[in-house]
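A short write-up of the structure that comes next.
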Amino acid sequence: MNLSPLVPPLAATLAALFCSFAGGCFRAPGCLPAALAADEAGAKSQSSFGAARKIGKLSDGRIKESSGLCRSLAFPGCFWTHNDGADGRLFLLDRAGETIATLEVEGIKMADVEDIASFAWKGRNLLLLADTGDNDFNRPFCRLVLVEEPAKAPDKKKRAQPIRAFRVLQFQFPDGPRNCEAVGFDPTTQNAYLASKEKRHGVYLYQAPLARLLDEEPPTMPLDQSITEAKLVGSMELPPVAGMDISSDGRRAVLLADDAAFAFERLDHEGWPEAFSRAPARLELPPRKNGESICYGSDGRSLYLTSEGNGEPFWELPATPPQDVRPLPKARPPRNRPN
């Protein structure tokens, strides 16, 4: 594992000696234990994409900061988005970016909702809201909030339809407060994955199991005050990440930075920690105004993007037949946690 230029030459030498006795993994105070290093040889993607195209525009004046995006399972061809922050409203969009319906989550006060994911569970179409933003790194815990998509879209001319949260996971990060703006859900394992947004380069990846929460009867509302601890599963050297999604078959994941996305693919024999340990494919994106949202479409390959600001374009990155995609250089773990 090549740690330079992240550590001085002497430290790199000591790290190499240590790795020979510690299963190939350098551990040092202030650094991640078992941080994952990627292999350039595994950086080819089975998915490739055509030119990005504008398919619509977010013209609803209430959507000021489209911070998260996911496809709707109840309404094919539509998408859910939400504002950044404590706004508990969810907006259902068609492919043209027009608002079809609005929901307002009740039963819980949001702090800073940053991302959203969708998945099916026991005949229910669920939305997973990541109330995980923490710009000041001082939240005692964060929340993953589950709501169910309505069977019938509310009348878009009426006020927002109230909808109650019926599952809530309160959790802490094991290494102290983190600012997290990206979440994905793997339906094959019922685990949520969270990517931290650091002040410098570097992404820390965490796993939050939801299987037990989903199977609880009766639902955990009113709010269960217990706090779970998320599991640190790896790290990589990437630009600050503000969005994420995992495909509905659990095979592909994408992480979003300012001007590029980073695509990962999981093999049959491995879990996401192993898949995330390989260098991702870099996907160039169209210029957007502070883009923080990305999701897969119904084919599990094509990507959709929005950005902050009213009247911003709704983008599609259509999947094309497989071909090689330019990989990143070898991924390395971040040096130290920012102060």
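The values are calculated or read from the model by the stated rules, or taken from the named source; none is laboratory data. Remember, it's a predicted structure, so these values are computed and weren't measured experimentally. Cβ: placed from backbone, ideal geometry, glycine included. Neighbour counts: every protein chain shown.
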Criterion first (buried (at least 16 other Cβ atoms within 10 Å of the Cβ) and modelled with pLDDT under 95) does P187 satisfy it?
yes
Surrounded by fewer than 22 Cβ atoms within 10 Å (Cβ to Cβ), at pLDDT 95 or above and within 23 Å of L69 (Cα to Cα): does that describe Q207?
yes
Sole miss for A230 among (1) among the hydrophobic types (A, V, I, L, M, F, W, C); (2) without any contact (Cβ under 8 Å) to a residue 40 or more places away in the chain; (3) buried (at least 21 other Cβ atoms within 10 Å of the Cβ) is condition (2)
Output for Cβ contacts, cut-off 9 Å, separation at least six or different chains, first residue on the phi > 0 side of the Ramachandran plot in the range 269-295, second among the aliphatic types (A, V, I, L, M) and in a loop (DSSP other than H, G, I, E, B), reads N290/A242
Taking the condition of being in a loop (DSSP other than H, G, I, E, B) and of a type outside the set (G, A, S), how many residues in the range 50-71 meet it?
5
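If you scan the range 230-246, which residues turn out to be in a loop (DSSP other than H, G, I, E, B), closer than 28 Å to S298 by Cα and in contact with a Pro (Cβ under 9 Å, 6 or more places away or on another chain)? I'd like the intermediate steps shown before the answer.
Filtering the range 230-246 down to residues in a loop (DSSP other than H, G, I, E, B) leaves 230, 237-242.
Keeping just the survivors that are closer than 28 Å to S298 by Cα gives 238-242.
Within the range 230-246, just L238 meets the criteria.
Based on this model, can you work out whether R200 counts as farther than 29 Å from D136 by Cα, among the basic types (K, R), exposed (fewer than 15 other Cβ atoms within 10 Å of the Cβ) and at pLDDT below 95? Quick ask: steps written out before the conclusion?
On the way: farther than 29 Å from D136 by Cα: no; among the basic types (K, R): yes; exposed (fewer than 15 other Cβ atoms within 10 Å of the Cβ): yes; at pLDDT below 95: yes.
So R200 fails the test.
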Restricted to the range 301-328 and to residues being within 20 Å of A195 (Cα to Cα) and assigned to a loop (DSSP other than H, G, I, E, B), the residue modelled with the highest pLDDT is S307
Does A96 count as surrounded by fewer than 21 Cβ atoms within 10 Å (Cβ to Cβ), among the aliphatic types (A, V, I, L, M) and part of a strand (DSSP E or B)?
no
With the requirement that a residue be among the charged types (D, E, K, R), out of contact with any Pro (no Cβ under 8 Å at 6 or more places or on another chain) and closer than 13 Å to A52 by Cβ, what does the range 254-305 give you?
E284
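Could you tell me which residue of the range 108-130 is modelled with the lowest pLDDT, considering only residues that are of a type in the set (G, A, S) and out of contact with any Leu (no Cβ under 8 Å at 6 or more places or on another chain)?
Kept after step one, since they are of a type in the set (G, A, S), are these residues of the range 108-130: 111, 117-118, 120, 123, 130.
If we keep only those that are out of contact with any Leu (no Cβ under 8 Å at 6 or more places or on another chain) as well, we get 111, 123.
Numbers: A111: 96, G123: 92.
Among those residues, the one meeting the criterion is G123.
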Taking the condition of being within 13 Å of E181 (Cα to Cα) and assigned to a loop (DSSP other than H, G, I, E, B), how many residues in the range 116-135 meet it?
4
Give the range 72-90 a look and list any residue that's surrounded by fewer than 23 Cβ atoms within 10 Å (Cβ to Cβ) and not in a loop (DSSP other than H, G, I, E, B), or say none.
N83, G85, R89
Can you find, within the range 117-140, the residue that is nearest to G184 (Cα to Cα) among those that are aromatic (F, W, Y) and surrounded by fewer than 18 Cβ atoms within 10 Å (Cβ to Cβ)?
W121
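Please tell me if D245 is surrounded by fewer than 17 Cβ atoms within 10 Å (Cβ to Cβ) and either acidic (D, E) or over 19 Å from Y304 (Cα atoms) (or both). Show your work before the answer.
Details: surrounded by fewer than 17 Cβ atoms within 10 Å (Cβ to Cβ): no; either acidic (D, E) or over 19 Å from Y304 (Cα atoms) (or both): yes.
No.
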Scope the range 260-308; condition among the acidic types (D, E) and farther than 30 Å from S59 by Cβ; matching residues:
E265, D268, E270, E274
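If you scan the range 247-268, which residues turn out to be assigned to a strand (DSSP E or B) and in contact (Cβ under 8 Å) with a residue 40 or more places away in the chain? Please lay out each step first, then the result.
In the first step, residues of the range 247-268 are kept if they are assigned to a strand (DSSP E or B); the result is 252-256, 260-265.
Once the filter is applied, which keeps residues that are assigned to a strand (DSSP E or B) and in contact (Cβ under 8 Å) with a residue 40 or more places away in the chain, the range 247-268 yields R252, A253, V254, L255, L256, A261, F262, A263, E265.
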Looking at the range 44-60, can you tell me whether even one residue there is modelled with pLDDT under 50 and out of contact with any Cys (no Cβ under 6 Å at 6 or more places or on another chain)?
yes
